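The values are calculated or read from the model by the stated rules, or taken from the named source; none is laboratory data. Here the structure is a predicted model, which means the values were calculated and not measured. Note that we place each Cβ from the backbone using ideal geometry, even for glycine, and neighbour counts take in every protein chain shown.
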Amino acid sequence: MRTHKKALELIANDIIDQASSGTEKPNYSNMDFMNTILIFQTALMDKMFDNQSYDNMDMENRSKMAIKCGEDLRKLIHTFTGLDTHKLMD
């Protein structure tokens, strides 16, 4: 199993360094933004799976929860960025 722990730590530390240095904003492209969403969504789903397992949730409800999570994440992104993640992937 690959965790990408070292790569994620390097990226996070670099982002913190950039933010604390008072430099300009990162100017992420739409593809950069989609890559960050992919990383976040993967981590979110991993933790959601842990929570579902703790609650002994059946597969049907796990699936419904995962779908709802994805829909809510898409709505959150659209609300605060104006970007539709489904259209960005076209």
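A quick yes/no check of all residues on (1) touching a Cys at 6+ places or on another chain (Cβ under 7 Å); (2) assigned to a helix (DSSP H, G or I); (3) at pLDDT below 95; (4) more than 25 Å from Lys6 (Cα to Cα):
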| position | (1), (2), (3), (4) |
| --- | --- |
| Gln18 | no, yes, yes, no |
| Glu24 | no, no, yes, yes |
| Phe40 | no, yes, no, no |
| Phe49 | no, yes, no, no |
| Glu71 | no, yes, no, yes |
### Query
Which ones in the range 1-30 are surrounded by 11 or more Cβ atoms within 10 Å (Cβ to Cβ) and either closer than 22 Å to Ala66 by Cβ or touching a residue at least 12 places away in the same chain (Cβ under 8 Å) (or both)?
His4, Leu8, Asn30
## Note on the structure
When (1) in contact (Cβ under 8 Å) with a residue 40 or more places away in the chain; (2) assigned to a helix (DSSP H, G or I) are applied to Leu83, the one that fails is (2)
### Criterion: loosely packed, with under 10 Cβ neighbours inside 10 Å and of a type in the set (A, V, I, L, M, F, W, C) - qualifying residue of Phe33, Phe80, Phe49, Phe40
Phe80
### Message
Taking the conditions exactly as written (surrounded by 12 or more Cβ atoms within 10 Å (Cβ to Cβ), of a type in the set (A, V, I, L, M) and closer than 27 Å to Ala12 by Cβ), does Met57 satisfy them or not?
### Response
no
